[in-house]
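Beneath this line is the structure, given in structure tokens, with notes to follow.
The values are calculated or read from the model by the stated rules, or taken from the named source; none is laboratory data. Predicted, not measured: the structure shown is a model, and the values here were computed from it. No Cβ is skipped: glycine too gets one built from the backbone with ideal geometry, and neighbour counts run over all protein chains shown.
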Amino acid sequence: MIDRREISFVRRSAQDPCDQDGLAALLAAYHLQTQAEKGAAVADADRLPERYRAEVLDPDSAFADDVVLVALNGDAAVGCVVVTAPADGQCEVKRLWTVPELRGKGIASGLVTAALSHAAEIGVERVRLSVWQWRTDAIALYERLGFTATESWDGRSRLVCMERAV
């Protein structure tokens, strides 16, 4: 049994490739699940749309201007979140993922809390995110952490946009 105290939350460094495979696996799982939920399932990461496949194949390049936070259980990557580079006093949280077998252990909330701490450290005023409306557990988590629904900045239907002050 995993206890949240056994999980560490770290800022991923491109200079330390030890978790490259773990992060790639987390991103692949995130994108494969999302494609399936959108009704466009693909068999493997090689069949993902190009923009998502690029994140899986080379996270360092895909998120070169962003900060990637990883939850580790020992040396194993068990969760991730990306905090985009600040623009106009805000940043965005995206790609929040926790391995399914460890959900409910506080890993996702720990990652979002770490993302909010990072945003505060760099002087960001607001953090925003978007989440598919069918991801009700994620929406509930974001609401517990102070995010509220806001007018959409994204034209895709069934996408809920949320934000909160830092």
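The residue that is surrounded by the fewest Cβ atoms within 10 Å (Cβ to Cβ), counting only those in segment 75-91 that are touching a residue at least 24 places away in the same chain (Cβ under 8 Å) and over 9 Å from the mean Cα position of the chain (by Cα), is 75.
If you check 85, 64, 119, 138 for being over 16 Å from residue 10 (Cβ atoms) and modelled with pLDDT under 95, only one passes: 64. What are the pairs, 6+ residues apart or on separate chains, where a residue within segment 20-40 that is more than 21 Å from residue 111 (Cα to Cα) has its Cβ under 8 Å from a residue that is outside any helix (DSSP H, G or I) and small (Gly, Ala, Ser)? From residues that are more than 21 Å from residue 111 (Cα to Cα), the pairs are 35/41. For segment 128-135, check the following and say yes or no: at least one residue is within 20 Å of residue 152 (Cβ to Cβ), without any contact (Cβ under 8 Å) to a residue 60 or more places away in the chain, touching a strand residue (DSSP E or B) at 6+ places or on another chain (Cβ under 7 Å) and crowded, with 19+ Cβ neighbours inside 10 Å. Yes, there is a match, as at least one residue in segment 128-135 is within 20 Å of residue 152 (Cβ to Cβ), without any contact (Cβ under 8 Å) to a residue 60 or more places away in the chain, touching a strand residue (DSSP E or B) at 6+ places or on another chain (Cβ under 7 Å) and crowded, with 19+ Cβ neighbours inside 10 Å.
Yes/no matrix, rows are residues, columns are (1) under 25 Å from residue 32 (Cα atoms); (2) assigned to a loop (DSSP other than H, G, I, E, B):
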| position | (1), (2) |
| --- | --- |
| 78 | yes, no |
| 82 | yes, no |
| 93 | yes, no |
| 109 | yes, no |
| 120 | no, no |
| 123 | no, yes |
| 128 | yes, no |
| 141 | yes, no |
| 154 | yes, yes |
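Per this entry, residue 59 is not counted among residues that are closer than 19 Å to residue 114 by Cα and either under 17 Å from the mean Cα position of the chain (by Cα) or free of Cβ contacts under 8 Å to residues at least 60 places away in the same chain (or both).
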